[in-house]
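Everything on this sheet refers to the single structure shown next.
The values are calculated or read from the model by the stated rules, or taken from the named source; none is laboratory data. Not measured: the values here are computed from a predicted model. Every residue, glycine among them, receives a Cβ derived from its backbone with ideal geometry; neighbour counts consider all protein chains shown.
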């Protein structure tokens, strides 16, 4: 378990931005500082304590990003049953051939026939629940679209 960021001023901040900031100290707070030099007694602008964000903390599926510099603090993730994948030009051409009649005969759904990033719902060991969503230019765009489509 390691500190990957800090929560203060109603937002998450990376270690570098937190270290660069000067905080007031709670006179009744714990003395000393953590491994990044952030005082345990540090308080934000609303007089709330600064809380570390640990690598083991639950984060939203779209990830956590620093409110100051916008660097990634915690990686985006998908729940079980969702997959983000890439179709290259060779696979796209083969899929277009297999899709000839509008449905791929092997999996009873249309398989992506345009290169790019996609996502779909797919339980481990099972066929997909439907057609893939995409294409997207980047893996991050596909991941964000998938997460935004989920009912959280």
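Here are a few things to note about the model shown:
- Reported count of residues in region 23-37, each being under 15 Å from residue 3 (Cα atoms) and either without any contact (Cβ under 8 Å) to a residue 12 or more places away in the chain or surrounded by 13 or more Cβ atoms within 10 Å (Cβ to Cβ) (or both), is 3.
- Candidates in region 57-81 are the residues that are modelled with pLDDT of 85 or more and surrounded by fewer than 17 Cβ atoms within 10 Å (Cβ to Cβ); of these, the one that is nearest to residue 120 (Cα to Cα) is 72.
- Candidates 40, 118, filtered to the one that is within 21 Å of residue 16 (Cβ to Cβ), surrounded by 15 or more Cβ atoms within 10 Å (Cβ to Cβ) and modelled with pLDDT of 75 or more: 40
- When each of 140, 131, 145 is tested for being out of contact with any strand residue (DSSP E or B) (no Cβ under 8 Å at 6 or more places or on another chain), at pLDDT 80 or above and closer than 26 Å to residue 61 by Cα, the lone residue that passes is 140.
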